[in-house]
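Just so it is clear, none of the values below were taken in a lab; they were calculated from the coordinates. Keep in mind that what you see is a predicted model, and the values were worked out from it rather than measured. As a convention, Cβ positions derive from the backbone with ideal geometry for all residues, glycine included, and neighbour counts pool all protein chains shown.
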Amino acid sequence: MKWPYKDLIGIQGMDAGEIETILEMTTSFKEISKRDIKKVPVLRGKTVVLLFYEPSTRTRLSFELAAKRLSADTVALGASGSSFEKGETIMDAIDNVMAMNPDCIVIRYPYAGIPEKVSRTVPCSVINAGDGYHEHPTQALLDMYSIKERFGYIQGLNVAIVGDIVHSRVARSNVYGLKKMGAKVTLVAPGTLLPYGVQGWGVRVSHELDPVIPQMDVVMMLRVQKERILGPFLSTDREYAQFYGLTKKRVGMMGPGAVIMHPGPMNRGVEIVHEGADFSRSIILDQVENGLAVRMALLYLSLGGETDVD
Amino acid sequence: MWIKGADILDPAVKKRFIGDIHVVQDRIKGVYPLGDHSRDEKAWAEKVPGEEVIDAQGLLAMPGMIDMHVHFREPGFEYKEDILSGSMAAVAGGITAVACMANTSPVNDDPAITRFILDKADQAGLIRVFPVGAVTKGLEGKDLAEMGRMRQAGIVAVSDDGMPVQDAVMLRRALEYASTFGLMLISHAQDMGLSGKGVMNEGALSAALGLEGIPWAAEDVMVARDIMVAEYTGLSIHITHLSTRGSIELVRQAKARGVKVTCDVTPHHLLLTEAMVKGYNTNAKMYPPLRREDDRLALIEGFRQGIIDCIVTDHAPHSYDEKALDFDLAPFGVIGLQTLLPALIRLHLDHGIDLMRLVDSVSVTPAGILGIEGGSLCPGARADITLVDTKDKWVLKPENIRSKAHNSAFLNQTMTGSALYTIVAGQVVYKNEN
């Protein structure tokens, strides 16, 4: 069956069955990166444009490698080095990119809403690689894949998302996705870092990490997004680390089999203290590996792939 | 210890009766109304030889008073007051617990300062001292203080008292951050722009005296802001030392629509007016300033109706030399620990306010707002008890003030009511020998 969507804007618009399909497809693509010759010809002749208007290491590398391993031609453009620096608006830039007939545009943008707006105006595929603090759907998909890979299922798992929820697109996409997949989500943050009206999100909310940690199967630490924190949200790094950081002591409080996740990049000494991230419970590098496979699956599906290929 | 035949007033259960209180170690073991012979006599029969007995006939027994707003000036301004001298003044006034504000030097914005204050209070060994942490680092209004770490060190609330937070978003974040750690925020509502260089209430009198005025609007706009930010976030706020008719009306409306706002008022704002300033009396200079008679009557009415929750002293000692300066230059603030009890009696006698309501406002209600134990005389409660002669008349003179500072607005006035015994954790820490 053909995948019916050309775009991926957010997890909010997906249903559990669609998420499940992408996760299943991911498994078939993961194997390709383990081969000696890491390339299949499924997107030969296709062009994928990567527009990254915000700094990125993992997501950008991952999308570019994913496209290349599927034999697509890629070109990547950042805010610096592009005409964005000369004041060209994103929508003008998109018009110019479209004149070169790409098959897919992957966008990361510092403000919310642009991927959706672009997707409504262009005929090619648009994949959101993170917009402001709206959504980061491929991150949530790779997170759910990594959880499922470790536990075999997502339904009924206890997942804590800890830290800067209010400024996090990762938290939003994961809350939407994990809830649809039947996980029980707990958000842990000081009052200043919780979105207004979070009570209506259908998740548990706690200001305290210590009582939450032992009950969790997954502890997902978020980066304190200092570049987005404008104003008095927190006191000091040491107080944050003391109340919300993943310390060795807190790792020791985790249940047997529980895992640590982080979307990266980490602020060491803030949300991840000392060896917390390097512990055997961390699946942070699995997240990165799986990110590549998830993006291969998505590029393949969005560019007209079949959902039942193997 | 036995307290025999006292007029027991317990605001925690809203009861008043004649009876005996039996204290064992630091707790109240039993309370026996007169006539409840079976229980009383059985307990009395088990009296340990040598156990202290206080004949309290004719005395009012009430919970030790809790004053949730004092300045003990230590560290930094020990020439004005220190934790020991402040504690001595407190027990002489029948006060057994205080919350001390953060505007010391250094400011109490760090757990090390919090622990220092608690250590000093332990050494003084008279009353319970609950430190209040700063809302922002250095009370500068820029960066949030380490409320979580201070909470672990022992603060019970945070406040911007003395250096009010002007930026509304800072207040919002401070409320959100304080609530994270279960801390109440005590707001000093003052618009620094409107209050400007004012030194007394603005009006005909300030104009006649040639003194810069502080308009009621300087308070009301900030009370309105505090209420709206608390309402918007759904969080609690406590607004301290209200002084204007308008503030009371704002709080009344807010409470009626369910905003989690509480507030307090000082004895001097309840009993005195701006007329005290005449003669350039620097002991009538404080922030907020003494207002007009209609404001004062509105405060009394607001208190009577329960719109105002607590009475606090805002005990603010300053040295003789400082208060001897020109009215414009003298610092704001008056002491109040030893005049709180007479003020309650005066409000009862002159304004007919129920004694239960008055005692409640200096015991069980502030304890509830701060989340601390106290304010009850029930069996099992902490034995913090004040025995009061409600009829004793005395004149407030510098020589009977236990504070280092003598800057009282009630100096040379006749007081009615005094603490005869102040008991903290089952120990008599003050006995009035006069």
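Going by Cα centres, region B:176-246 and region B:123-166 are how many Å apart?
Spelled out, the Cα-based centre of one part sits 19 Å from the other.
Over chain B, what relative contact order in percent results from Cα pairs under 8 Å that are six or more residues apart?
20
What's the Cα-based Rg to Rh of chain A, Rh via Kirkwood? It would help to have the intermediate numbers written out before the result.
Working: Rg = 19.2 Å, Rh = 19.9 Å.
My calculation of the ratio gives 0.97.
Count charges around B:Ile8 for me, please; just the other residues with Cβ under 9 Å from its Cβ, Lys/Arg as +1, Asp/Glu as -1. Spell out each step's value before the answer.
Numbers: positive: B:Lys15, B:Arg16; negative: B:Asp7, B:Asp10, B:Asp20.
Around B:Ile8, the surrounding residues sum to -1.
Let me know the mean shielding of A:187-196 by other chains, meaning the per-residue number of their Cβ atoms within 10 Å of its Cβ.
Per residue, the average neighbour count from other chains is 4.
May I ask for the distance between the Cα centers of region B:338-362 and region A:83-139, given as a whole number of Å?
Cα centroid to Cα centroid, the span is 69 Å.
Classify region B:257-376: rounded, prolate or oblate, from the alpha-carbon gyration tensor (a ≥ b ≥ c, eigenvalue square roots; a/c under 1.5 rounded; otherwise prolate if a/b is larger than b/c)?
prolate
For region A:187-275, which GluC sites (Glu not before Pro) are both in a DSSP coil and crowded by at most 14 other Cβ atoms within 10 Å?
Counting only loop positions with at most 14 other Cβ atoms within 10 Å, the GluC sites (Glu not before Pro) in region A:187-275 are A:Glu208, A:Glu227.
Filter chain A for me: DSSP H helices, axial length by Cα at least 24 angstrom, mean Kyte-Doolittle hydropathy not below 0.5. List them by residue number.
Qualifying helices, which must be both long enough and hydrophobic enough, are A:284-302.
Quick one: Cα centre-to-centre distance for region A:210-277 and region B:1-37, in angstrom?
Using only Cα atoms, the two centres lie 52 Å from each other.
Cross-link partners among lysines for B:Lys29, C-alpha distance below 20 Å, same-chain residues fewer than 8 apart left out?
Reachable lysines: B:Lys4, B:Lys14, B:Lys15, B:Lys42, B:Lys47.
Summing Lys, Arg as +1 and Asp, Glu as -1, what charge do residues with Cβ under 15 Å from the Cβ of A:Ile90 carry, A:Ile90 excluded? Intermediate results must be reported in sequence, preceding the final value.
Details: positive: A:Lys86, A:Arg108, A:Lys117, A:Arg120; negative: A:Glu54, A:Glu85, A:Glu88, A:Asp92, A:Asp95, A:Glu116, A:Asp131.
Summing Lys and Arg as +1 and Asp and Glu as -1 gives -3.
If you wrap a convex hull around the Cα atoms of chain B, how much volume per residue is inside, in Å³?
Working: hull volume 56.9 nm³, N = 434.
Given the Cα convex hull of chain B, per-residue volume reads 131 Å³.
When a/c reaches 1.5 or more, the comparison of a/b and b/c decides; with that in mind, is region A:122-219 rounded, prolate or oblate per its Cα gyration tensor?
Oblate is the answer for region A:122-219, as a/c is 1.5 or above yet b/c matches or exceeds a/b.
How would you classify the protein assembly as shown from its alpha-carbon gyration tensor, with a ≥ b ≥ c the square roots of the eigenvalues: rounded for a/c under 1.5, else prolate if a/b is greater than b/c, otherwise oblate?
Details: a/c = 3.23, a/b = 2.15, b/c = 1.50.
The shape class here is prolate.
Which whole-number percent is the relative contact order of region A:129-250 (Cα, under 8 Å, 6+ apart)? Show your work: numbers first, answer last.
Details: 183 pairs, mean separation 33.6, N = 122.
Over region A:129-250, the number comes to 28 percent.
In what sequence, highest mean first, do A:75-86, B:263-274, B:347-358 appear when ranked by Cβ atoms within 10 angstrom?
B:263-274, B:347-358, A:75-86
Got the relative contact order for chain A handy, in percent, Cα pairs under 8 Å and 6 or more residues apart?
Once divided by the residue count of chain A, the mean separation gives 23 percent.
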